[in-house]
Amino acid sequence: MEQRYVFDLLPAEWKEAAEAYGEKGFRGKQIFGWLAKGAELPEMSNVPKRLREVLMEDYEWHLPEVVIEQTSETDGTKKCLLEFPDGSRVESVFMKYHYGNSICISSQVGCRMGCTFCASTRKGLVRSLSGGEMLAEVLAMCKLTKEEINHVVIMGIGEPFDNYESLSRFLQLIHAPEGYNLSLRNITVSTCGLLPEIAQFAEDFPQVNLAVSLHAPNDEIRRRTMPIARKYPYEQLMDTCRAYTEKTGRRITFEYAMIAGVNDGDEHARELAELLGGWLTHVNLIPLNEVEGTGYAKAKEDRIRSFSRILEHAGVAVTVRRTLGSDIDAACGQLRLR
């Protein structure tokens, strides 16, 4: 029988597992609590030895191994290449902000979305991560840094909504009061625009923050840079996003990578402002993190400032993202670059 990964089990499933071994159900709660600390089985001092022995045989226990660790000399951002027991590798990024520590985790090994400015999609999709493997990324980074993580963004390698079932399990796992107990409002999920999943997400997790990778003010530019736009046209995306805000009462963050000569003109800003004015949105302008071989260059600072001013004057909430970890290829769009 194939071993199950311990971090995949929810509290109720651990209770059932404990009872199946002839133990009281509360033993499952104890095990889940230990796992939320990244503890190895021998450390679980209040779990009976007999139970620990059978669990060791029946489950896969290890956190992913840190294969490479890099720390930015400019801002202290830490990027880790993590390897799971089957040899699959992903990258996770630890960042410090004034409001607390944040981690950007991956949801898949590779990506099949094909966005033309992103390094993570270059070799396609290898496999999706399980919910427990996503949780293990967080726990491995906690263990490495010896610091608490207060915010989680699922913006690393992969398209989270292309792995919706595992994403849902991860959110339940990390939010469970018996374990890590992270507030859903401290979690952000980013999608390139899978419309059925956006609608489902509004039903399932209205408290989790949603970010949509937009990167264009119209369908023509979006189709050139993001293949998903050929399946879901721009107008349909906007309609789905409006429905999301109306249902949840929460704003969407639209991520917009500023690419020189592609989407950074004043006319693009005016077009975007007209689209987004009057509803619950926030635009996060991202100075493009350049990836060799794409042919794209970062928009100049004066272009970014002008773009931002036009949105502000139109009443659209806008910020310019602070770029962290670019010297170690840990910035947005650079994961899996080397």
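Brief remarks on what is shown
- Helix 195-204 and the longest principal axis of the C-alpha atoms of the chain enclose an angle of approximately 50°.
- Where GluC sites (Glu not before Pro) fall in DSSP loop in segment 1-50, at most 14 other Cβ within 10 Å: Glu2, Glu40
- Net charge dipole, segment 147-277: roughly 120 debye, given to the nearest 20, about the Cα centre with Cβ charges of +1 for Lys and Arg and -1 for Asp and Glu.
- Of the solvent-accessible surface of the chain, computed with a 1.4 Å probe over protein heavy atoms with every protein chain present, carbon and sulfur atoms account for 47 percent.
- Cα coordinate range in segment 113-203, projected on the principal axes (Å, largest first): 38, 32, 19
- Taking Lys and Arg as +1 and Asp and Glu as -1, the other residues whose beta-carbon sits under 14 Å from that of Gly25 total -1.
- Rolling a 1.4 Å probe over the protein heavy atoms gives segment 59-170 an accessible area of 39 Å² per residue.
- Global geometry of the chain, whether rounded, prolate or oblate, following the gyration tensor of its Cα atoms and the 1.5 cut on a/c: prolate
- Using a cutoff of 8 angstrom between alpha carbon atoms and counting only pairs six or more residues apart, the relative contact order for segment 44-144 works out to 19 percent.
- C-alpha long axis of helix 266-276 to longest principal axis of the chain, angle in °: 60
- Considering only Thr294, His215, Leu81, the residue lying farthest towards the positive end of the dipole of the chain is His215, judged by Cα position with unit charges set on Cβ.
- Fluctuation leader among Pro196, Pro11, Pro227 - the chain, Gaussian network, Cα springs under 10 angstrom: Pro196
- The loop-placed trypsin sites (Lys or Arg not before Pro) in segment 1-110, going by DSSP, that have at most 14 neighbouring Cβ atoms within 10 Å of their Cβ come out as Lys24, Lys37.
- Antiparallel content of DSSP bridges confined to the chain, in %, to 5: 45
- Between Glu290, Glu53, Glu83, the Gaussian network model of the chain with springs among Cα atoms under 10 angstrom shows the greatest mean-square fluctuation at Glu53.
- Distant-in-sequence amide contacts of Leu194, defined by a placed amide H-H separation under 5 Å and a gap of 5 or more residues or a different chain, comprise nothing.
- Helix 164-175 vs. the chain, principal-axis angle (Cα, 0 to 90°, nearest 10): 70
- For the chain, a Gaussian network of Cα nodes joined below 10 Å ranks Phe117, Phe84, Phe32 by mean-square fluctuation, and the top entry is Phe84.
- Percentage relative contact order, the chain, counting C-alpha pairs under 8 Å, at least six apart: 15
- Antiparallel content of DSSP bridges confined to segment 248-314, in %, to 5: 10
The values are calculated or read from the model by the stated rules, or taken from the named source; none is laboratory data. Not measured: the values here are computed from a predicted model. Please note: Cβ atoms are built from the backbone with ideal geometry, for glycine as well, and neighbour counts cover all protein chains shown. What goes into the accessible areas is simple: the full protein's heavy atoms, side chains included, and nothing from ligands, DNA or RNA. Shrake-Rupley method; radii C 1.70, N 1.55, O 1.52, S 1.80 Å.
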